[in-house]
Amino acid sequence: MYFLFPLLLLFLMALAVIFHFRKKRIICKIKCMCTEEKLELLNEITAPFGFSYEL
């Protein structure tokens with residue numbers, strides 16, 4: 001039991017670091033996109049729900 005708790009804690013900390021850098025990479029990727037690409041992606045995601053965005 002005493003061995004599993006630190007392993008679980010270490011695993012969760014590693015996941016937090018991985019997800020933090022993954023989030024930063026995704027944000028940078030979106031910032032580098034032009035407005036048309038962002039709208040295209042947004043339309044792909046929201047089209048099944050009946051929404052459409054235009055510039």
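Would you confirm whether or not region 28-35 contains a residue that is hydrophobic (A, V, I, L, M, F, W, C) and within 14 Å of the chain's Cα centre (by Cα)?
Yes, some residue in region 28-35 is hydrophobic (A, V, I, L, M, F, W, C) and within 14 Å of the chain's Cα centre (by Cα).
So Leu55 passes all but one of these: (1) touching a helix residue (DSSP H, G or I) at 6+ places or on another chain (Cβ under 8 Å); (2) surrounded by 10 or more Cβ atoms within 10 Å (Cβ to Cβ). Which condition number does it fail?
For Leu55, the exception is condition (2).
Please pick out the residue among Ile30, Ile45 that is in a helix (DSSP H, G or I) and touching a Lys or Arg at 6+ places or on another chain (Cβ under 8 Å).
Only one candidate passes the filter, namely Ile30.
Out of all the residues in region 31-43, which are at pLDDT 95 or above and loosely packed, with under 11 Cβ neighbours inside 10 Å?
Within region 31-43, Lys31, Cys32, Cys34 meet the criteria.
The values are calculated or read from the model by the stated rules, or taken from the named source; none is laboratory data. Quantities reported herein were computed from a predicted structural model and do not represent experimental measurements. Using ideal geometry, Cβ is built from the backbone for each residue, glycine included, and neighbour counts are taken over all protein chains shown.
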